[in-house]
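Below you'll find the structure, written out as structure tokens, and then a few comments.
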Amino acid sequence: MNMIAPSLLAADFGNLEREMQWFNTSEADWLHLDVMDGVFVPNISFGFPVMQRVAQLCRKPLDVHLMTVQPEKFIGPVRDLGAAVMNVHQEACTHLHRTVQQIHQAGMKAAVTLCPSTPISTLEDILPDLDVVMLMTVNPGFGGQKFIEHSLDKVRRLRQMIARTGSHALIEVDGGVNRQTAPQLAAAGVDVYVAGSAVFGKADPAAEVVELKRLTQA
Ligand code: DX5
Ligand code: ZN
């Protein structure tokens with residue numbers, strides 16, 4: 001069963017409690033939280049004080065996507081949020097294997113994200129250790145960007161690499177996921193779909209989640 005992970009980045013930050021009300025009763029699977037530091041990416045989003053409040057309000061697993069340098073510094077604080085998934089960028093981790101081990105020791109699933117220009121081959125040796133590989137399908141830093149088309153081939157090649165290495169990693173995609181791109185991504189082999197602007201901000205976001213789920217059933 002494919003999973004939908006709405007991204008809080010596109011939510012109404014003046015009404016987080018109301019946003020969490022529709023979210024908690026929807027068919028959404030994970031809440032995706034985008035942390036940006038203004039260094040790894042050219043934008044700043046929100047940090048731990050905001051996420052702590054969101055974690056109190058949210059009744060579903062948290063998928064924390066760290067777009068920061070040295071994300072290993074935040075393993076403890078992300079664990080303390082009660083997050084299910086800690087998502088770090090390959091490009092931000094000098095000792096990725098160690099960081100993945102530390103995420104597991106903290107009791108969370110380890111997700112590693114690749115920017116559009118980073119080849120999947122960089123993960124080949126670590127793939128059996130990963131719970132999730134997330135492919136950025138836009139350049140990280142902003143919501144509402146256009147989907148990068150050649151990501152579809154990257155997903156297909158990652159699906160083959162996962163099968164070849166006997167890995168159980170899920171494939172997650174982030175950026176430009178909407179009613180048009182979701183079916184194409186499903187055909188390429190994606191498991192988890194992050195969607196910001198295609199869900200939050202719509203008149204009936206819960207209905208958008210249902211529609212994205214329907215469109216991604218194989
Ligand atoms: C971008 C973030 C995404 C963002 C996606 O850097 O990682 O999670 O919220 O937004 P949409 O779905 O609008 O492309
Ligand atoms: Zn994200």
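The values are calculated or read from the model by the stated rules, or taken from the named source; none is laboratory data. The shown structure was predicted, so the numbers you read here are calculated from the model rather than taken from an experiment. Cβ atoms come from the backbone with ideal geometry, glycine included; neighbour counts cover every protein chain shown. Side chains included, ligands, DNA and RNA excluded: accessible areas come from the protein's heavy atoms. Shrake-Rupley method; radii C 1.70, N 1.55, O 1.52, S 1.80 Å.
So which of LYS213, LYS202, LYS146 ends up being within 15 Å of ligand 1 (Cβ to nearest atom) and closer than 21 Å to PHE23 by Cβ?
Exactly one residue qualifies, and that residue is LYS202.
Return the residues of the range 160-176 that are within 16 Å of MET3 (Cβ to Cβ) and either surrounded by fewer than 17 Cβ atoms within 10 Å (Cβ to Cβ) or touching a Gly at 6+ places or on another chain (Cβ under 7 Å) (or both); say none if nothing qualifies.
HIS168, ILE171
Any idea which residue in the range 1-24 is surrounded by the fewest Cβ atoms within 10 Å (Cβ to Cβ), counting only those that are among the hydrophobic types (A, V, I, L, M, F, W, C) and out of contact with any strand residue (DSSP E or B) (no Cβ under 7 Å at 6 or more places or on another chain)?
Ranking the qualifying residues of the range 1-24, first place goes to MET1.
Between a first residue in the range 193-208 that is more than 10 Å from ALA10 (Cβ to Cβ) and open to solvent by less than 70 Å² (accessible area, probe 1.4 Å) and a second residue that is among the charged types (D, E, K, R) and within 9 Å of ligand 1 (Cβ to nearest atom), which pairs have beta carbons less than 9 Å apart while being 6 or more apart in sequence or on different chains?
TYR193/ASP174; VAL194/ASP34; VAL194/ASP174
Do we find a residue being surrounded by fewer than 23 Cβ atoms within 10 Å (Cβ to Cβ) and within 19 Å of VAL192 (Cβ to Cβ) anywhere in the range 87-94?
Scanning the range 87-94, I find at least one residue that is surrounded by fewer than 23 Cβ atoms within 10 Å (Cβ to Cβ) and within 19 Å of VAL192 (Cβ to Cβ), so the answer is yes.
Of these, GLY107, GLY141, which one is of a type outside the set (Phe, Trp, Tyr) and either open to solvent by less than 20 Å² (accessible area, probe 1.4 Å) or part of a strand (DSSP E or B) (or both)?
The unique qualifying residue is GLY141.
Considering only the range 118-138, state which residues are without any contact (Cβ under 8 Å) to a residue 60 or more places away in the chain, within 16 Å of ligand 2 (Cβ to nearest atom) and of a type in the set (A, V, I, L, M).
Selection gives VAL133, LEU135, MET136, VAL138.
Quick check, is GLU27 outside any loop (DSSP other than H, G, I, E, B), at negative phi and surrounded by fewer than 21 Cβ atoms within 10 Å (Cβ to Cβ)?
Against the criterion (outside any loop (DSSP other than H, G, I, E, B), at negative phi and surrounded by fewer than 21 Cβ atoms within 10 Å (Cβ to Cβ)), GLU27 does not qualify.
Residue by residue through the range 148-182, note down the ones that are under 20 Å from HIS32 (Cβ atoms) and part of a helix (DSSP H, G or I).
If the condition is that a residue be under 20 Å from HIS32 (Cβ atoms) and part of a helix (DSSP H, G or I), then SER151, LYS154, VAL155, LEU158, THR181, ALA182 are the ones that fit.
Have a look at VAL69, VAL100, VAL39, VAL50 and point out the one that is of a type in the set (A, V, I, L, M) and open to solvent by less than 10 Å² (accessible area, probe 1.4 Å).
Of VAL69, VAL100, VAL39, VAL50, the one residue that is of a type in the set (A, V, I, L, M) and open to solvent by less than 10 Å² (accessible area, probe 1.4 Å) is VAL100.
Restricting to the range 120-138, count the residues that are part of a loop (DSSP other than H, G, I, E, B) and closer than 30 Å to GLN105 by Cα.
The number of residues fulfilling the criteria is 6.
Would you confirm whether any residue within the range 35-47 is within 15 Å of ligand 1 (Cβ to nearest atom), within 16 Å of VAL78 (Cβ to Cβ) and in a helix (DSSP H, G or I)?
Within the range 35-47, none of the residues are within 15 Å of ligand 1 (Cβ to nearest atom), within 16 Å of VAL78 (Cβ to Cβ) and in a helix (DSSP H, G or I).
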